[in-house]
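The values are calculated or read from the model by the stated rules, or taken from the named source; none is laboratory data. Everything quoted here is computed from the prediction, not taken from an experiment. Note that we place each Cβ from the backbone using ideal geometry, even for glycine, and neighbour counts take in every protein chain shown.
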Amino acid sequence: MTVTSINPTLTKTWEKLSNHFASIKDVKMQDLFTEDPKRVQDFHIKWNEFLLDFSKNRITKETMSLLVELADELKLKDAISDYFSGTNINRTEDRAVLHTALRSKDSVILVDNINIIPEVEAAKEKLKVFSESVISGSRKGVTGKAFTDIVNIGIGGSDLGPDMVTEALKFYKNHLDVHFISNIDGDDVAAKLSKLNPETTLFVVVSKTFTTQETIVNATTVKKWLESYLGESAVASHFVAVSTNPEKVVEFGIATDDMFPMWDWVGGRFSLWSPVGLSIVLAIGYSNFEQLLDGANDMDQHFRTADFNVNIPVILALLSVWYNNFFGAETEAVIPYSQYLQKLVPYLQQGVMESNGKGTSRTGEKVTYQTGTIVWGQTGSNCQHAFFQLFHQGTKLIPTDFIGFKNSLSGNKQHHDILMANFFAQTEALLWGKSIEVLNDENEFLKAFKVFEGNKPTNTLLIDKLKPKSIGSLIAMYEHKIFVQGIIWNIFSYDQWGVELGKQLAKNILSEIEGDSNHKHDSSTSFLLKEYLK
Ligand code: F6P
């Protein structure tokens, strides 16, 4: 069975939701909380070390039951079962979507009638053995020295996940320093190389296709740099690769023994659980990586089995649809109150926007409703001193996820209490605002500028502690939110055709810059190219 195609706006529940929206759109959350002092009891979910409080949303019990009804009418349950069982739900690339298999405890998952679990286990074993040899220093560089630095060369999904998780789990890191080269920007490559010792640096080239221009050019530049210090024979000892394309890897000069597999059924932006996560394994060790996988698998089980009204990814997805499609919110923010999560938002931006930034329905028609939201954000409390002004007093509706941890890692209670006081204060301020009536002592003119309307929706995710396991669950939570939204919006979430046009045009323009051909351009592009070439 493959995922069905239903225009959500033509369902019975959508009509009910539209009517319900008309009656609720002007209701203030402040009144909902005043009328029902125990409101939070109906709108929170406790699961493992997670507490999701979604009571500070512009919803009633009826809203949530209608949203769940919408998920039922759109056959979300069947879609989840297709997703986990290896059906080709990525129809536009004719592939299954099985990043969940990489952290599964099942012994059989079939893709085209072949059990993929043995090869997943073999890849994990290879990751374990290899990472232990690098961490212990038994695997050495060509001059006999142990590695001190790892450089991941990749872009998009072959960079963002490993970079984000390595940063998030910095607290659990060993002695190896991990760096990331992704941008084709030569200045960045030069700056990063200038700090490295070629004798003690291991390069991990990560590219599912091994044809991505940026990655191959960067890897080739780095290879030349290494050769200039240690000679051509050093490449085999200092480079390993992760790819689905062995021919290209070997052509580059990396032995197949030093190649780690990737699979068509894992999308780049969901691949950190695969050998694409090699730099994570090198940074935190294999047992911590296993914990990350376990946390993700725990979330997978929750998502597969929990009723929709207590299912964290489903609830988050439905709330997001509610604001996107009924309130007309264009963006949503994610604000983690941990500096270790500073790369979570760029990671989610690829996951969310490359997946659900689509305007064609599953039957090939242009959709007539809004799809993928714009995701943005930064860590708190930093962002309170940057863009929170607009949250509090601006004109935009920006539903926001606040992510915080009950315990700090360093044990610095004073700092953590201040951090978390800010965390709780912000969602309270966004809910209640500050009315003109309480500004009694204020100068008459200034009163209007000091009013906060409140009624700004937030989800609060309070997690016990930032650990490999909780980070695994957190990432999987957002992965499944993306999936649910794709099902509801009736789009294919797992292709990325939208990135191809720019790549093609860049190739044409590069050949033109190199003097090989002459393409027709609009006057603006021609003018800019002429100026560049002067
Ligand atoms: O251009 C987009 C994209 O295809 C992403 O989806 C992917 O994560 C990235 O490029 C890198 O691709 P690869 O791993 O094949 O180099």
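Determine which member of the set 463, 482, 491, 487 is closer than 30 Å to residue 364 by Cβ and in contact with a strand residue (DSSP E or B) (Cβ under 8 Å, 6 or more places away or on another chain). Spell out how you get there, then give the answer.
Working: 463 fails: closer than 30 Å to residue 364 by Cβ; 482 fails: in contact with a strand residue (DSSP E or B) (Cβ under 8 Å, 6 or more places away or on another chain); 487 fails: in contact with a strand residue (DSSP E or B) (Cβ under 8 Å, 6 or more places away or on another chain).
Exactly one of 463, 482, 491, 487 is closer than 30 Å to residue 364 by Cβ and in contact with a strand residue (DSSP E or B) (Cβ under 8 Å, 6 or more places away or on another chain), namely 491.
Across segment 222-244, which residue is farthest from residue 272 (Cα to Cα) among those that are within 16 Å of the ligand (Cβ to nearest atom) and outside any strand (DSSP E or B)? If you could, list the steps in order and put the result at the bottom.
Restricting attention to segment 222-244, the residues satisfying the condition of being within 16 Å of the ligand (Cβ to nearest atom) are 222, 239-244.
Applying the additional criterion that residues be outside any strand (DSSP E or B) yields 222, 244.
On the way: 222: 23, 244: 15 Å.
Here the residue is 222.
For segment 251-281, name all the residues that are assigned to a helix (DSSP H, G or I) and over 16 Å from residue 160 (Cα atoms). Break it down into steps so the answer makes sense when it comes.
We begin by selecting, within segment 251-281, every residue assigned to a helix (DSSP H, G or I); these are 251-252, 256-258, 268-270, 275-281.
Within segment 251-281, 251, 252, 256, 257, 258 qualify.
For segment 492-532, give me each residue that is part of a loop (DSSP other than H, G, I, E, B) and within 16 Å of the ligand (Cβ to nearest atom). Walk me through how you get there before you give the answer.
We begin by selecting, within segment 492-532, every residue part of a loop (DSSP other than H, G, I, E, B); these are 492-496, 514-522.
Of everything in segment 492-532, those that are part of a loop (DSSP other than H, G, I, E, B) and within 16 Å of the ligand (Cβ to nearest atom) turn out to be 492, 493, 494, 495, 496.
Of all residues in segment 173-220 being assigned to a strand (DSSP E or B) and either within 16 Å of the ligand (Cβ to nearest atom) or not assigned by TED's automatic domain parsing to the domain that holds residue 146 (or both), which is farthest from residue 285 (Cα to Cα)? Walk me through it before giving the result.
Of all residues in segment 173-220, those assigned to a strand (DSSP E or B) come to 177-181, 201-206.
Imposing the further condition that a residue be either within 16 Å of the ligand (Cβ to nearest atom) or not assigned by TED's automatic domain parsing to the domain that holds residue 146 (or both) reduces the set to 180-181, 203-206.
Working: 180: 18, 181: 21, 203: 17, 204: 16, 205: 19, 206: 19 Å.
Within segment 173-220, the match that is farthest from residue 285 (Cα to Cα) is 181.
Do we find that residue 454 is free of Cβ contacts under 8 Å to residues at least 60 places away in the same chain, on the phi > 0 side of the Ramachandran plot and not assigned by TED's automatic domain parsing to the domain that holds residue 184 in this structure?
Working: free of Cβ contacts under 8 Å to residues at least 60 places away in the same chain: no; on the phi > 0 side of the Ramachandran plot: yes; not assigned by TED's automatic domain parsing to the domain that holds residue 184: yes.
It is false that residue 454 is free of Cβ contacts under 8 Å to residues at least 60 places away in the same chain, on the phi > 0 side of the Ramachandran plot and not assigned by TED's automatic domain parsing to the domain that holds residue 184.
Name the single residue that is surrounded by the fewest Cβ atoms within 10 Å (Cβ to Cβ) among those in segment 97-122 being in contact (Cβ under 8 Å) with a residue 12 or more places away in the chain and of a type in the set (D, E, K, R). Walk me through how you get there before you give the answer.
Step one: of segment 97-122, the residues in contact (Cβ under 8 Å) with a residue 12 or more places away in the chain are 97-105, 109-111, 116-117, 119-120.
From what's left, of a type in the set (D, E, K, R): 103, 105, 119.
Numbers: 103: 21, 105: 10, 119: 12.
This residue is 105.
Has segment 120-143 got any residue that is in a helix (DSSP H, G or I), more than 27 Å from the chain's Cα centre (by Cα), away from the ligand (no atom under 16 Å from the Cβ) and small (Gly, Ala, Ser)? First the steps, then the outcome.
In the first step, residues of segment 120-143 are kept if they are in a helix (DSSP H, G or I); the result is 120-136.
Keeping just the survivors that are more than 27 Å from the chain's Cα centre (by Cα) gives 129, 132-136.
Then drop every residue that is not away from the ligand (no atom under 16 Å from the Cβ), which leaves 129, 132-136.
This time we only want the ones that are small (Gly, Ala, Ser), so: 133, 136.
Checked segment 120-143: at least one residue is in a helix (DSSP H, G or I), more than 27 Å from the chain's Cα centre (by Cα), away from the ligand (no atom under 16 Å from the Cβ) and small (Gly, Ala, Ser).
List pairs: first in segment 204-215 and within 17 Å of residue 256 (Cβ to Cβ) and of a type in the set (D, E, K, R), second at pLDDT 95 or above and within 7 Å of the ligand (Cβ to nearest atom), Cβ under 6 Å, 6+ apart or cross-chain?
Pairs that qualify, where the first residue is within 17 Å of residue 256 (Cβ to Cβ) and of a type in the set (D, E, K, R) and the partner is at pLDDT 95 or above and within 7 Å of the ligand (Cβ to nearest atom), are 208/268.
Within segment 335-345, is even one residue within 18 Å of residue 459 (Cβ to Cβ) and either without any contact (Cβ under 8 Å) to a residue 12 or more places away in the chain or assigned to a loop (DSSP other than H, G, I, E, B) (or both)? Spell out how you get there, then give the answer.
Step one: list which residues in segment 335-345 are within 18 Å of residue 459 (Cβ to Cβ), which gives 335-338, 341, 344-345.
Filter once more, so that each one left must be either without any contact (Cβ under 8 Å) to a residue 12 or more places away in the chain or assigned to a loop (DSSP other than H, G, I, E, B) (or both): 337-338.
Within segment 335-345, one or more residues are within 18 Å of residue 459 (Cβ to Cβ) and either without any contact (Cβ under 8 Å) to a residue 12 or more places away in the chain or assigned to a loop (DSSP other than H, G, I, E, B) (or both).
Going through segment 501-529 one residue at a time, which ones are without any contact (Cβ under 8 Å) to a residue 60 or more places away in the chain and either hydrophobic (A, V, I, L, M, F, W, C) or assigned by TED's automatic domain parsing to the domain that holds residue 267 (or both)?
Of everything in segment 501-529, those that are without any contact (Cβ under 8 Å) to a residue 60 or more places away in the chain and either hydrophobic (A, V, I, L, M, F, W, C) or assigned by TED's automatic domain parsing to the domain that holds residue 267 (or both) turn out to be 501, 505, 509, 510, 513, 527, 528, 529.
If residue 287 satisfies all but one of (1) assigned to a helix (DSSP H, G or I); (2) of a type in the set (Gly, Ala, Ser); (3) under 22 Å from the mean Cα position of the chain (by Cα), what's the number of the condition it fails?
Here residue 287 meets the rest and fails (3).
Which numbered condition trips up residue 248, out of (1) part of a loop (DSSP other than H, G, I, E, B); (2) in contact (Cβ under 8 Å) with a residue 12 or more places away in the chain; (3) not polar (S, T, N, Q)?
In the conditions (1) part of a loop (DSSP other than H, G, I, E, B); (2) in contact (Cβ under 8 Å) with a residue 12 or more places away in the chain; (3) not polar (S, T, N, Q), residue 248 misses (1) alone.
Before we move on, is residue 475 within 16 Å of the ligand (Cβ to nearest atom), part of a helix (DSSP H, G or I) and either at pLDDT 95 or above or aliphatic (A, V, I, L, M) (or both)? If you could, list the steps in order and put the result at the bottom.
Numbers: within 16 Å of the ligand (Cβ to nearest atom): yes; part of a helix (DSSP H, G or I): yes; either at pLDDT 95 or above or aliphatic (A, V, I, L, M) (or both): yes.
Yes; evaluated as a whole, the condition is true for this residue.
Quick one: would you say residue 447 is at pLDDT below 95, within 16 Å of the ligand (Cβ to nearest atom), on the phi < 0 side of the Ramachandran plot and not assigned by TED's automatic domain parsing to the domain that holds residue 267?
Answer is no for this residue.
In the list 319, 348, which residue meets the criterion of being within 30 Å of residue 418 (Cβ to Cβ) and within 16 Å of the ligand (Cβ to nearest atom)? Walk me through how you get there before you give the answer.
Values: 319 fails: within 16 Å of the ligand (Cβ to nearest atom).
348 is the lone residue from the list that is within 30 Å of residue 418 (Cβ to Cβ) and within 16 Å of the ligand (Cβ to nearest atom).
Using beta carbons and a limit of 6 Å, which pairs, at least six apart or on different chains, have the first residue in segment 368-386 and outside the structural domain of residue 327 (by TED's automatic domain parsing) and the second one hydrophobic (A, V, I, L, M, F, W, C)?
none
Can you name the residue in segment 65-86 that is in a loop (DSSP other than H, G, I, E, B) and out of contact with any Ser or Thr (no Cβ under 6 Å at 6 or more places or on another chain) and, of all such residues, is farthest from residue 481 (Cα to Cα)? First the steps, then the outcome.
The initial filter retains those residues of segment 65-86 that are in a loop (DSSP other than H, G, I, E, B), namely 74-75, 86.
Filter again for out of contact with any Ser or Thr (no Cβ under 6 Å at 6 or more places or on another chain), leaving 74, 86.
On the way: 74: 15, 86: 18 Å.
Result: 86.
Filter segment 382-433 down to the residues that are of a type in the set (D, E, K, R), within 21 Å of residue 30 (Cβ to Cβ) and in a helix (DSSP H, G or I) and list them by number.
428
Out of curiosity, is residue 186 at positive phi and surrounded by fewer than 22 Cβ atoms within 10 Å (Cβ to Cβ)? Spell out the reasoning first.
Details: at positive phi: no; surrounded by fewer than 22 Cβ atoms within 10 Å (Cβ to Cβ): yes.
No; evaluated as a whole, the condition is false for this residue.
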